[in-house]
Amino acid sequence: MFYDTHAHLDYPDYAGDFADVMARAQAAGITKMISIGTSLDSSERALRLTEKFPAIYAAVGWHPSDAMKAPSDLRPALREMCKHPKVVAIGEIGLDYHRLPGGGGDDDARYKQKQADIFQQQLEVATETGLNCVIHQRDAFDDTLAQFKPFAGKVRGVFHCFGESADRMRRVLEIGSLVSFTGIVTFKNGQNVRDTVAATPLDRFMLETDCPYLAPVPYRGKRCEPAYVREISETVAQVKKCSLEELSAATCKTAHAFFPKLVK
Ligand SMILES: [Zn+2]
């Protein structure tokens, strides 16, 4: 039994065969899934899925890559959604400097500022509502950690799709936050991530697919889905030199502590 703590189940990728995707997840022992919002519409769609499928929970939030499309104040709509019994976190939120408008000029500065503004608003809602945060960062580790730190005593973050060094992992754990690992751990060129997995204590990380992206080997390059947490868990258990049972117990316990609204 494993959980997929980060999936984008509202994406159109699953429109054609959603019931089959759910059936394969169940057959693979993936008993809970958290569908992560990337905009208000996407968060709303995730909420509707939680109402149809007992195994699905939701995180609500606005992804930094779409920051320019965000309304000036996200907080009222998010506060409303957080009242839903199956909203277990705010996310995914953070900073992403991977694709800047370019030139290093005013456009880049405006984009980064808008990302920081909506990240800040969403951290505020997390603090008010007592929900933890699913953190996305790409090429922005130091800025993300710096902006998150003032909130660290009040909320915790899971730095998802963690692909950073063991040293950076320790900086995340130091402030009471967690990391989570995707199918990248199975990639031939994923040795750096496996090294970080090896260095992360068994009770300080969770598993996720980030589907439809990042399908693990042997599905690499294809559409990913929650059932593939199985392949991810097999690699992680090998790296941690533990049994699948131990990995299941540890990661599910961590998920329940981090997302208290997940029903046991
Ligand atoms: Zn994601």
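Note on Y213: accessible area approximately 110 square angstrom, rounded to 10, probe 1.4 Å, nucleic acids and ligands left out. Residue-wise HN-Hα couplings along region 94-102, as the Karplus relation 6.51 cos²θ - 1.76 cosθ + 1.60 with θ = phi - 60° gives them from phi, are x, 9, 9, 9, 5, 10, 7, x, x Hz; Gly and Pro carry x. By the rule of a second cysteine Cβ within less than 4.7 angstrom, the chain holds isolated cysteines at C82, C133, C161, C242, C252. Neighbours of V236 by Cβ distance under 12 Å: Lys/Arg scored +1, Asp/Glu scored -1, total 0.
Residue pairs exceeding 24 angstrom between C-alpha atoms, taken from K32/K112; K240/K261; K188/K241: K32/K112; K240/K261. Mean-square fluctuations from a GNM of the chain, with a 10 angstrom spring cutoff on Cα atoms, peak among F181, F148, F18 at F18. Evaluating 6.51 cos²θ - 1.76 cosθ + 1.60 at θ = phi - 60° for every residue in region 233-249, the Karplus couplings come out as 5, 5, 5, 5, 4, 4, 5, 7, 6, 10, 7, 4, 5, 5, 5, 4, 4 Hz, glycine and proline recorded as x.
Using a Förster distance of 35 Å, how high is the FRET efficiency between D107 and S165, based on the Cβ-Cβ distance and rounded to 0.05? Efficiency at R0 = 35 Å is approximately 0.70.
Here the chain is treated with +1 on each Lys and Arg Cβ and -1 on each Asp and Glu Cβ, and its dipole about the Cα centre works out to around 560 debye. The aspartates and glutamates within cross-link reach of K264, meaning a Cα-to-Cα straight distance under 19 Å and a gap of 8 or more places when in the same chain, are D4, E51, D203, E208, E245, E246. Modelled spin-label separation between S243 and D17, with each label point placed 7 Å from Cα along the Cα-to-Cβ direction: 3.4 nm.
The values are calculated or read from the model by the stated rules, or taken from the named source; none is laboratory data. None of these values were measured; they are calculated from a predicted model. A quick note on method: Cβ atoms are made from the backbone with ideal geometry, for glycine too, and the neighbour counts reach across all protein chains shown. To get the accessible areas, we keep the full protein, side chains included, count just its heavy atoms, and leave off ligands, DNA and RNA. Shrake-Rupley method; radii C 1.70, N 1.55, O 1.52, S 1.80 Å.
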